[in-house]
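Taken together, the values in this text are just the output of simple stated rules run on the coordinates, not laboratory data. What you see is a predicted model; the values in this text were computed from it and never measured. Reconstructed Cβ throughout: ideal geometry from the backbone, glycine too, with neighbour counts over all protein chains shown.
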Amino acid sequence: MVPFLNIQKVSVVIPTFNRRDMLQKILTQIYSQDITGIHLFVVVVVDGSTDGTLEMLESMFPQVYVVRGTGNWWYTKSMNKGFEVVRMLRSDYILTLNDDCEIPANYLRTMMMDATECPEDSILGSMSFTLSKPHRLTFSGSFAFRQWRFKYINYHKTLSVIDPATLSGIHPSLVLPGRGMLFPLSLLNPLKGFDEKFVQYASDYDFCFRARKKGAKVFITWNTCVFENTETTGLGTPWLQESWGDFLKGFLSPVSKNYIVKYIRFIARHGILLLLPVSLIFIFVAHFKNRFTQRLH
């Protein structure tokens, strides 16, 4: 186990695109945390924002390390560019967050303390809930994976109305989203960061799969959480209620959660290749089903 006092440097990496006000809020929350004993760095990757994000960072958060993207980096390349700065800073740990999330006042300290309860070289994730009330759970971990039908078995049903305060403890999880994922810098080099073949989605899940294959453990803490703005989440999310045209186009878009090539790559790497056609059928059925069943209102 890693003694808490030895966790001296933690770098928070946040990719952003034209979400100045949301980014300002999450940065304010980060710098308002009790981080006694932690040397905190924040790296913001601004991928072509034109809404005054750079000016806001310069005037309000001059201590932030800013990486400027081309506007075509999207999530995964933005994260890897942020990781390059983290390597330069020689941080002990990396915490990945999204620009449209919010965090409670004790978030960083709870994540750091819970990391000391995990085996060395573990990845620790956060529960996530909707920012809007009543809070609905969007992820609390997956305890099983049915390869043949490419289905994650989660601890709780997505969009269940649950009070975050009623859940606690640290639990194994096969995968984690990048919104609130903490891991040691020592995992970056052997895994070569996030895989940029997954342009916008699945690079975080793929990172967890590859880490476990190298012997790392993956956990999720229910002792704290992040709150996500569900109105700004990515294309292909069921509760966005996109038009049927946009929904179907998403299967061919590299920046949609539904992107079919993403699933083919993931199955080829982590699933059962011989059952690829069967897995794809189940994936299509699941997306159509979720479109009707995963609703916020």
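Over the chain, dividing the summed -39,500 (n - 2.57) contributions of all DSSP H runs of at least 4 residues by the number of residues returns a 222 nm mean residue ellipticity of -9500 deg cm²/dmol. Here the calculated FRET efficiency for Phe288 and Thr50, from their Cβ-Cβ distance with R0 = 35 Å, stands at 0.45, rounded to the nearest 0.05. Could you compute the FRET efficiency for Glu120 and Asp21, with r as their C-beta to C-beta distance and R0 at 51 Å, rounded to 0.05? E(calc), rounded to 0.05, equals 0.85. Size check on segment 1-148: the Cα extents along the three principal axes, sorted descending, read 41, 39, 33 Å.
Full extension from Gln63 to Leu276: what is 0.36 nm times the residue separation minus their Cα-Cα distance, to one decimal in nm? Mind dumping the intermediate values first?
Numbers: separation 213, 0.36 × 213 = 76.68 nm, distance 4.77 nm.
So the extension gain works out to 71.9 nm.
The stretch between Ala165 and Ser243 holds 24.5 nm of extra length on full extension. This uses 0.36 nm per residue minus the Cα-Cα distance.
Our estimate of slack between Lys157 and Ser132, defined as 0.36 nm per intervening residue step minus the Cα-Cα distance, is 7.2 nm.
When only the Cβ of Lys, Arg, Asp and Glu is charged (+1, +1, -1, -1), the dipole of segment 4-293 relative to its Cα centre reaches about 1140 debye. Of all DSSP beta bridges confined to the chain, the antiparallel ones make up roughly 45%.
For segment 23-94, the spread of Cα coordinates along the three principal axes comes to 37, 25, 16 Å, biggest extent given first. Under the simplified labelling scheme, the Ile264-Thr28 pair shows an inter-label distance of 4.6 nm, with each label point 7 Å from Cα along Cα→Cβ.
Overall shape of segment 70-128 was characterised from the C-alpha gyration tensor. The equivalent ellipsoid obtained from it has semi-axes of 23, 16, 10 Å, in decreasing order. Across the options Ile264, Tyr93, Gly245, the greatest Cα extent toward the positive end of the charge dipole of the chain (unit charges at beta carbon of Lys, Arg, Asp, Glu) belongs to Ile264. For Lys133, give me every one of the lysines with a C-alpha distance below 24 angstrom, ignoring sequence neighbours fewer than eight places off in its own chain. Partners within reach: Lys25, Lys157.
Can you put Trp73, Trp148, Trp222, Trp244 in order, fewest other beta carbons within 10 Å first?
Lowest count first: Trp244, Trp148, Trp222, Trp73.
Computed over the Cα atoms of the chain, the ratio of the radius of gyration to the Kirkwood radius (Rg/Rh) comes to 0.94. Projected onto their three principal axes, the Cα atoms of segment 133-274 cover extents of 40, 40, 28 Å, largest first. Electrostatic bookkeeping for Val199 treats Lys and Arg as +1 and Asp and Glu as -1; over the other residues with beta carbon under 11 Å from its beta carbon, the sum is +2.
Taking label positions 7 Å along the Cα-Cβ direction at both Gln8 and Ile35, the computed distance is 1.6 nm, reported to one decimal. Take the residue pairs Lys214/Lys257; Lys217/Lys262; Lys257/Lys289; Lys192/Lys257 and return only those whose Cα atoms are more than 21 Å apart. Those over the limit are Lys214/Lys257; Lys217/Lys262; Lys192/Lys257. Residues Lys249, Lys289, Lys77 in ascending order of nearby Cβ atoms (within 10 Å, fewest first): Lys289, Lys249, Lys77.
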